[in-house]
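J.: Please find one structure pasted underneath; my questions will follow.
The values are calculated or read from the model by the stated rules, or taken from the named source; none is laboratory data. Keep in mind it's a predicted model, so treat the numbers as computed, not measured. Cβ placement follows ideal geometry from the backbone for every residue including glycine, while neighbour counts extend to all protein chains displayed.
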Amino acid sequence: MPVDAAELWIVDPICGSLNFVQGIPCFAISIALRSEGRIRAAVVYDPCHDELFEATTETSATVNGEKIGVQQLSEGTEAWSAAVVGTDWPRHGERRNRAKLIVGLMVDQVSECTLMGSPALGISSVAAGRLHAYWHLDLKIWDIAAAGLILERAGGVLTDTQGMTWLFSDGGYIASNGVIHGSALNCIQAVLRLEAGAHGG
């Protein structure tokens with residue numbers, strides 16, 4: 001993908017293709033415009049619920065024209081224990097096994113862990129205050145590009161699993177309302193550190 005292009009449209013025609021094939025009503029069309037080194041405009045459309053998530057660098061995040069924002073429940077450990085967190089499985093390999101371990105740890109710490117099947121809708125759901133966080137260990141640029149800007153303009157936070165800002169790369173990422181970001185990051189990093197230690201890394 002020519003990420004160094006002056007202007008670049010980043011499109012995922014069906015984010016949640018397995019859900020689409022199986023007739024599960026959770027998939028989306030994701031479109032983002034990257035210009036001068038950053039995402040400038042973004043839309044995520046959920047055709048099953050006729051919801052259009054939108055944002056630009058100059059405007060707030062909206063759903064069908066109504067302004068949205070991340071949901072804050074409380075602070076600290078209370079916020080984490082009350083959190084509803086979304087995720088999805090990497091397709092195969094070591095990342096899938098890591099995700100299983102993270103879910104096993106996280107499910108005992110939060111109110112609910114739910115599978116989405118569509119990363120773009122998972123991140124957009126955090127932006128709309130329906131989830132408090134969404135994470136995935138194997139996201140692609142087209143999964144993140146549009147939903148990431150929508151999340152940012154809704155007051156949320158997106159980092160990789162090391163807590164670094166997304167810089168147009170694939171990998172593991174966490175989207176959150178901000179308040180619980182550290183807790184989500186700590187939970188994921190605990191498993192990654194444990195695995196690294198087991199392999200002598």
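J.: Of the residues in the stretch 105-119, how many are without any contact (Cβ under 8 Å) to a residue 60 or more places away in the chain, surrounded by fewer than 17 Cβ atoms within 10 Å (Cβ to Cβ) and not acidic (Asp, Glu)?
T.: Total meeting the criteria: 4.
J.: Does the stretch 127-150 contain any residue that is touching a helix residue (DSSP H, G or I) at 6+ places or on another chain (Cβ under 8 Å), farther than 21 Å from Glu58 by Cβ and surrounded by fewer than 19 Cβ atoms within 10 Å (Cβ to Cβ)?
T.: Scanning the stretch 127-150 turns up no residue that is touching a helix residue (DSSP H, G or I) at 6+ places or on another chain (Cβ under 8 Å), farther than 21 Å from Glu58 by Cβ and surrounded by fewer than 19 Cβ atoms within 10 Å (Cβ to Cβ).
J.: Based on this model, can you work out whether Leu33 counts as farther than 24 Å from Gly178 by Cβ and in contact (Cβ under 8 Å) with a residue 40 or more places away in the chain?
T.: It is false that Leu33 is farther than 24 Å from Gly178 by Cβ and in contact (Cβ under 8 Å) with a residue 40 or more places away in the chain.
J.: Continuing with the same structure: Could you please let me know if Glu195 is surrounded by 16 or more Cβ atoms within 10 Å (Cβ to Cβ) and either farther than 14 Å from Trp80 by Cβ or in contact with a Cys (Cβ under 7 Å, 6 or more places away or on another chain) (or both)?
T.: No.
J.: Would you confirm whether any residue within the stretch 112-119 is in a helix (DSSP H, G or I), at pLDDT 95 or above and within 22 Å of Ala55 (Cα to Cα)?
T.: yes
Here's the yes/no breakdown for (1) in a helix (DSSP H, G or I); (2) crowded, with 17+ Cβ neighbours inside 10 Å; (3) more than 10 Å from the chain's Cα centre (by Cα); (4) β-branched (Val, Ile, Thr):
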{"position": "Leu121", "(1), (2), (3), (4)": "yes, yes, no, no"}
{"position": "Glu152", "(1), (2), (3), (4)": "yes, yes, yes, no"}
{"position": "Gly172", "(1), (2), (3), (4)": "no, yes, no, no"}
{"position": "Ala175", "(1), (2), (3), (4)": "no, yes, no, no"}
